[in-house]
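What follows is one structure encoded as structure tokens, with my remarks underneath.
Any read-out appearing in this document is the output of simple, stated calculations on the displayed coordinates, not a laboratory observation. Note that the structure is a prediction, hence the values are computed from the model and not measured. Here the Cβ is made from the backbone with ideal geometry for all residues, glycine too, and neighbour counts use every protein chain on show.
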Amino acid sequence: MEARRKNQEEQAPGNLGKIRFGKKTVLIPEMNRSTALLLAATFRGFGVEARALETYKGLDLGKEYTSGKECYPCQVTLGDILYFVQEEKKRLGPAFDPGQYVYFLPESDGPCRFGLYNRFQRIVLDSLPGLDRLTITSITTRDGYSFAGILEKDKALDFQKSGYFAIVVADIMDRLRWRIRPYEKKAGSADEFIETSLHHLERTFQEHGPNKAFEKILDEVVRVVEEGKALIDPKIPPKPLIGMVGEIFLRTHIQSNQDIIRLLEKHGAEVLNASVAEWGNYVSYDALRSAKAQARLNLKQLRFSPLWSKLKEMLGFGIDLYYKEYRQEQIYKRVEPVLDLIGDHKISHLEEVLKERDLFSFDVATEACLSIASIISCAHAGYNGMVNVYPFTCMPSTTTSAVVKPVMSELGIPYLDAPYDSSIQPGREAAIRTFMYQAEQHFRRHGRMQKRPSP
């Protein structure tokens, strides 16, 4: 594994990898709209010109340069950057300079194809005239998504703290939307309110993020939640609670998943999607877990020099995980007295769930660890159904489906697989209507948890 990692790093071209932003404009692909907007605003607060890319308008361009064997999000994100270049050329004409832009595309280690998006897209951009000068900058799970080497040394750690805070606040905004929309007094008011609030929070993060004035940001978040609460009609009775898990891009990118949450709501659900922050927490947890395992092996073999290195890694990743969990809990505790938004779980809890039933192992890694454990946890907590959203042919999510289907059948809780590519499946809504009928029957027989845990 280490040899493969080093080989990948050695083969990475000079316009791909941990490359400093400098004075260039940073282009952030939109996986989740709330997250992309608040991260871009945080970057701007630190003096980095950043913008969230328009998404899904360039899907045909993405398909033109792919074979169909790639992961669906790879087609979407490639299309987004090619569409940006196309439109920017039209806007600027001869003044367009690809060298003035940096495409920010993180990666992950392990068997998921996500780890190769940036390398493949680098090949595509290099094949087009002049676009070899458009840099792709990546952060990686190998060092816990550290920004060291990308931002100036005195800014990197502060940005990581503010950036993570922005991700959790974006999760809060999404959960507020899903809490309001099934019960809104006026149709469309939730979406309109959240969009306006996000733009306000952009300015808040741009102003207070660099100073780590998190209390001031939290004051604004609480104010937004209080205003959002007023949009809820208390006369509308509770609805079946549906949890959603799966591959992080597909479950959060509403264009790619054909807005499945809204479709579930149309047929009577209240939906809670797994958070974006969950992945950041998992990266730190998994890195700490790996460092511990390697430290034990070095101790067993009396290799004291590498042991010391792994102990330092354990300390670093341990502090990182503690900080993330502390900040996340702080934010949810501030909004909880205002509105019963669902909190988030700790990754250690998910590993305990897997160990208890011996269903899967964190040793295998990938999002299957999170999805399988979340589905089982929510099933026991009182959810009325679970949905697994993922790209067609996604290995971790297909594994999730194979593991949890018999368990959910045994528990008598509705479960739905929702794989997506760019096609429109004519039977999709019929499957969701059937699933929601089952969820409604489960809700009538068993009710639902009032104090609801997160998926």
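Here are a few things to note about the model shown:
- Shape category assigned to segment 195-291 from the gyration tensor of Cα positions, a/c cut at 1.5: oblate
- Label sites at Asp154 and Glu429, each approximated as a point 7 angstrom past Cα along Cα to Cβ, lie 5.8 nm apart.
- Gyration tensor verdict on the chain (Cα atoms; rounded if a/c is under 1.5, prolate if a/b is larger than b/c, oblate otherwise): rounded
- Taking a ≥ b ≥ c as the square roots of the Cα gyration tensor eigenvalues, segment 2-151 comes out rounded, since a/c falls below 1.5.
- When each of the peptides 136-142, 437-443, 355-361 is scored by how many other beta carbons lie within 10 Å of its residues on average, the order from highest to lowest is 136-142, 437-443, 355-361.
- Multiplying the residue separation of Trp308 and Lys89 by 0.36 nm and subtracting their alpha-carbon distance yields 73.6 nm.
- Length gained when the stretch Ser361-Ile236 is fully extended (0.36 nm per residue, less Cα-Cα span): 40.9 nm
- Of Lys185/Lys333; Lys292/Lys355; Lys239/Lys324; Lys63/Lys186; Lys216/Lys324, pairs whose Cα-Cα distance is over 29 Å: Lys239/Lys324; Lys63/Lys186
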